[in-house]
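The block underneath contains the structure these notes are about, expressed in structure tokens.
Nothing in this text is a laboratory measurement; each read-out follows from the coordinates by a stated rule. These numbers were taken from a predicted model, which means no experiment stands behind them. Counting neighbours? That spans all protein chains shown, and the Cβs are built from the backbone with ideal geometry, glycine included.
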Amino acid sequence: MNILMYLIPIAVLLGLIGLVAFIWTLKSNQYEDLDGAAHRILLDDDEDDLK
Amino acid sequence: MGTAANAETVSDQHDVRRELGGYKSLVRQNIDNKNVLYLHVTGVHCAGCIQKVESAVYKNKDVDLARLNFSTGRLNIIWDGSPDVADDFVHDIESMGYGVQPFNPESEKNEDSHQDRFLLLCLGVAAFAIGNIMLLSLGLWITTAETMGVATRSFMHWVAAIIAIPTIIFAGRPFFFSALKALRNRHTNMDVPISLALILATGMSVFELLQNGEHVYFDSAVMLTFFLLIGRYLDFRARRSAKRAATDLMQTLSGFATIINGGKHERIPIRDVREGMIVSVSSGEKFPVDGTIHDGTTSVDTSLVTGETVPHNCTAGDAVYAGTLNLSAPIKVLVSKRADDTLLADIVRLMEKAEQGQATYVRLADKAATLYTPFVHSLALIAFLFWLFIGHMAWQDAMMIAVTVLIITCPCALGLAVPVVQVLGSGLLMKHGVLLKSGDALEKLAKIDTVFLDKTGTLTIGKPALVDQSNEDTMQLAASLASHSKHPLSQALVNAYGGGDLLNFTDISETPGYGLEGTYDGQIFRLGQHEWVHTSKPLNNDDKGQTIYFASDDGKIAGSYIFQDDLKHDAAAVIKSMQNSGLKTCLISGDHNAEVERISAQVNITDYHAEMKPDEKYTLLENAKKGGSNVLMVGDGLNDAPVLMAADISMAPGSAIDMAQNAADIVFMGDGLSQVTFTYDVARKTQSLILQNFVLAAIYNMIAIPFAFMGYITPFIAALAMSGSSLIVILNSFRLKFTRNQRT
């Protein structure tokens, strides 16, 4: 069962990375304009965003 | 004044506005010393619009960022260099046909976006926790202490505890705060039993953990939190948009006015305009404040305020109101009331008053909770006391049974019964072009017994259409002359003529309030009011509609055209089906008595009120509500906005002005009215499904509670059963998808 001592923290760590990524998307306002995001995917050139 | 000259004046005015545009006064500097400007852009409907607006701003090479928020219409611009280019941005966007208003940054500080983030964050944390804890729980469920070993088991319990306890403290806050708030006001709501179940389940688990015991149920507690947060977030999103109305109204008052100060034009914010100032209003512009005309003659479209379709002629000394539209000529207005006191501001105040009235509404789910909570709590307490004193159990075991009772009766199904049906209902309606703006709209709509209808633009198309003409031969001539005017009746005449060839008139002039004059083939023709046109035809005095006359100066060629605002094609059928459903119908309009009488006779409404001012409409509604009626208001004008806000539930067509759409709970698309009855059908269907869900939840409780009470169920099985009942409720809700709109 010693393997659990490694595997469980690794599993929790992977989950934490996901959580941190989620909090980052939340803090950088990516959920502010969900309708707009749905429309923007249709736009052809992304040069404005690359600026 | 010829048309050419007229066009020149208009473009001059545009240039003046551009030079004097006050937007640069709104530019702020951020910490990097760059210019920041927030604008409110209206008329953005698609991906193309986003791109057009943003790339128009990016044309200026100094711009670092131009980002348009599609949901709120807020455009954020950040650039280097001079703040003066702000007015150029506005001009460029306006010239593409979008509306621009200053965005009031204070209105952005709403609690909503804060709350939205808070719930999402809690949901994310709970999702993370439940994923990891389930990983451990799976191992715990499929083995026993013998096969796994007590040491391994308690290690896994400890890991679960380390994840679960902070999660419940963090992600459970929406429920704890709400429960605390309710208790402090000596009320109870659904969050009280939820909070208690969470706290007790966690507390008991900690206790067992310290004893190295078996009954550790962090997984149940976190799963509960996760499920309930989903329901809470869906519910919140459904309710959010309704709150935006008042904010948007204030935007209208936050524009600019051009004042004339010692012969010079100056653009100042509308809120700084004072009594006695002279304001210049170009044609096609809205009056920024109430006042009297100082100089000039024009026609004014008051449909925003009174609902009348036909423009009024106004000359020096006549009163004009903020929000109405100056149609034909640039004029000067002497301000009689500052912006805070205008008719428009009164409407805003009426709406705010109405909005506060809405807060007292108790939703069905909350009502259920007030009955449910004491029942559940006393049951758990009885279970605890029963097993402790009569069953002679150890207090830990008795407490475990009480916790099981709490978990199994946890109002999860109750919490999901309403939001799931509402999300499905609003999805179904959206497919049919009906947009729900408040979460409890369907619930309120299902309870109505009275329908108030506005006339112009709601029952009728809202634009005059040709219904009768004296002489078809003159049609081409008259329409050709009419094509040079922006007056609604002229445009209706051109529309009625269709796409045929137009004759080339010269020397055209328009006299506001009277009509048009033009020359064709050496002959002078006039089109307009009876006294303006030299016609031998008698004045049409009956009330069939508005008449305009057309004649040559020698009177040999003459014609007259009668226009009416026609009913929508399905108006009569829809009203009939409402009356068949047992709803009282009532027509309220700001228009003339005769016109209202004609329309109400056509759709068979006996209860009608004409020439109603906004506050009279409001009073009428208040009286109906005091009389115990649940009222649905359907309207589209600014004059309807307070009533739309104050009514128990309100609907506005997609053609309505922004303000009415914002004030209404429901917005429907399409030319007809059938959406109103369809939405009503869906509302009643959702209500019956919600009731069914409550019954399902009650049956489940009746079966499960005795078992839990007897101690046959562990808290873990309880959490599973609870989730199972939630699934049944969700599946039942999906039956709503089979509702059809029979009339379209």
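Some notes on this structure:
- The alpha carbon centroids of the range B:587-659 and the range B:447-504 are separated by 24 Å.
- Rounded to whole numbers, the Karplus 3J(HN,Hα) couplings from phi for the range B:137-144 are 4, 3, x, 5, 6, 7, 10, 10 Hz, using 6.51 cos²θ - 1.76 cosθ + 1.60 with θ = phi - 60°, and x at Gly and Pro.
- Projecting label points 7 angstrom from Cα along Cα→Cβ for residue B:177 and residue B:468 puts them 6.5 nm apart.
- Using the Cβ-Cβ distance between residue B:78 and residue A:13 with R0 set to 30 Å, the FRET efficiency from 1/(1 + (r/R0)^6) comes to roughly 0.20.
- Once the C-beta distance of residue B:576 and residue A:37 is scaled by a Förster radius of 25 Å, the resulting FRET efficiency is 0.05 to the nearest 0.05.
- Linear extension gain, residue B:210 paired with residue B:601, 0.36 nm per residue minus alpha-carbon span: 132.8 nm
- Projected label distance in nm at residue B:143 and residue B:315, using a 7 Å step from Cα toward the beta-carbon: 9.8 nm
- Debye equation applied to the C-alpha atoms of the range B:111-238, log10 I(q)/I(0) at 0.17, 0.20, 0.21, 0.22 Å⁻¹: -0.86, -1.08, -1.15, -1.23
- Cross-link pairs beyond the 26 Å C-alpha cut-off, checked among B:34/B:59; B:34/B:264; B:286/B:437: B:34/B:264; B:286/B:437
- Among the lysines of the range B:612-744, pairs that are 8 or more positions apart or on different chains and have alpha carbons within less than 25 Å of each other number 6.
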